[in-house]
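Participant: Structure in structure tokens, see below.
The values are calculated or read from the model by the stated rules, or taken from the named source; none is laboratory data. As the structure is a prediction and not an experimental result, all values here were calculated from the model. Here Cβ is always computed from backbone atoms with ideal geometry, including for glycine, and neighbour counts include all displayed protein chains.
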Amino acid sequence: MTDADFETLKRSIEKILGIQCRCYKEDYIKRRLLSRMRITGKERYKDYNTLLISDKNEQELLRNALTINVTKFYRDKEVFDLLRTEIFPDIIRSKGRMRIWSAGCATGEEPYTLALIINDLTRLKPDVQVTIFATDIDREVLKKAKDGIYEKRSLENLSESQIRRHFNETGDGKFEVKNHLKEMIRFSHHDLMSGKPATNYLDMILCRNVTIYFTEEQKNDLARMFHPALISKGFYVMGKTEFMGREVEQLYEPYNALQKIYTKN
Ligand SMILES: C[S@@+](CC[C@H](N)C(=O)[O-])C[C@H]1O[C@@H](n2cnc3c(N)ncnc32)[C@H](O)[C@@H]1O
């Protein structure tokens, strides 16, 4: 497997999938590619490149392999419990409005979980204005997120009463998020490596389980990019297994270090 063939394959990925390979660790790309090559029985980058160029299905499968879209409702229950019991009630009480960004929202379970919690908290307070911005680099998952239709098993962390209040059964065993939650969320395409936030004046940014293949410098750049997008004392929520880099930790103060919730300094 020659370096030149690998370079050609990377150029195809950039052109066909619109994914910028230079933004990712080379090892990560190679591991993902080798896994797809094993599955498709291609031993050389060159042969896999030929397949990728001609096969739309493989393009989709490689995109998913590179961007890993795994997510679920109430992923890391303790984090959402803290938002529900402490942080959101405080923001609602003190401000009466809330702007949140779910960055790297995948198929939408994270922003819908936020919408569901906030809707329950504000049901008797119609004046509270809430907007949840939900973005991802992958247009396919964004489409699924906008549709808001899920298998019953994705809802396993929700109570029967939450499901009844916030979902309609579609007839084929699936569950569609009701409009009162959909209306709280603005889904859009955004690349976290673009250097610009999707929006500003945010009370909270959640960017969880997105940066596994980012280099340390890219992770630091993300924390630097989020900082001015947050209002004073705004919250930055990271994934449970993610870490704040030394070079940027002075920008944020731990609110709950165990749950990876920080506030802007
Ligand atoms: C594992 S999912 C995380 C979903 C959700 N935040 C959670 O914690 O359950 C990671 C998502 O990050 C998205 N992603 C990866 N790189 C990105 C980038 N550069 N900009 C925006 N989204 C990105 C992927 O497309 C994927 O949908």
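Let's see how each residue does on (1) touching a residue at least 60 places away in the same chain (Cβ under 8 Å); (2) within 16 Å of the ligand (Cβ to nearest atom); (3) assigned by TED's automatic domain parsing to the domain that holds A134; (4) within 30 Å of R22 (Cβ to Cβ):
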| site | (1), (2), (3), (4) |
| --- | --- |
| L158 | yes, yes, yes, no |
| Q162 | no, no, yes, no |
| H166 | no, no, yes, no |
| G171 | no, no, yes, no |
| H180 | yes, no, yes, no |
| M184 | yes, no, yes, no |
| S188 | no, yes, yes, yes |
| Y201 | yes, no, yes, no |
| I205 | yes, yes, yes, yes |
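Participant: Within the stretch 62-94, how many residues turn out to be at pLDDT below 90 and over 21 Å from S154 (Cα atoms)?
Facilitator: 2
Participant: Which of the residues belonging to the stretch 92-117 are among the β-branched types (V, I, T) and either crowded, with 24+ Cβ neighbours inside 10 Å or closer than 23 Å to E151 by Cα (or both)? Give the steps one after another, and end with the answer.
Facilitator: We begin by selecting, within the stretch 92-117, every residue among the β-branched types (V, I, T); these are 92, 100, 107, 113, 117.
Result: I100, T107, T113, I117.
Participant: Check whether at least one residue in the stretch 164-172 is among the polar types (S, T, N, Q), surrounded by fewer than 21 Cβ atoms within 10 Å (Cβ to Cβ) and assigned to a strand (DSSP E or B), and report yes or no.
Facilitator: Step one: of the stretch 164-172, the residues among the polar types (S, T, N, Q) are 168, 170.
Still in the running and surrounded by fewer than 21 Cβ atoms within 10 Å (Cβ to Cβ): 168, 170.
Okay, now just the ones that are also assigned to a strand (DSSP E or B), so 168.
Yes: the stretch 164-172 contains one or more residues that are among the polar types (S, T, N, Q), surrounded by fewer than 21 Cβ atoms within 10 Å (Cβ to Cβ) and assigned to a strand (DSSP E or B).
Participant: When the residues of the stretch 29-68 are narrowed to those that are surrounded by fewer than 18 Cβ atoms within 10 Å (Cβ to Cβ) and assigned to a loop (DSSP other than H, G, I, E, B), which ends up nearest to the chain's Cα centre (by Cα)?
Facilitator: Only one residue tops the list, namely I68.
Participant: So, in the stretch 120-140, exactly how many residues are within 10 Å of the ligand (Cβ to nearest atom), touching a Lys or Arg at 6+ places or on another chain (Cβ under 9 Å) and of a type in the set (D, E)?
Facilitator: The number of residues fulfilling the criteria is 2.
Participant: Restricting the first residue to the stretch 98-111 and requiring it to be at positive phi, which pairs with a second residue that is assigned to a loop (DSSP other than H, G, I, E, B) and more than 6 Å from the ligand (Cβ to nearest atom) meet a Cβ separation below 7 Å and a spacing of at least six or different chains?
Facilitator: Taking only residues 6 or more apart or on different chains, the pairs are G108/G148.
Participant: Select from the stretch 214-238 the residues that are in contact (Cβ under 8 Å) with a residue 40 or more places away in the chain and in contact with a Ser or Thr (Cβ under 9 Å, 6 or more places away or on another chain) and list them in ascending order.
Facilitator: Listed by number, the residues that qualify are Q218, A229, F235.
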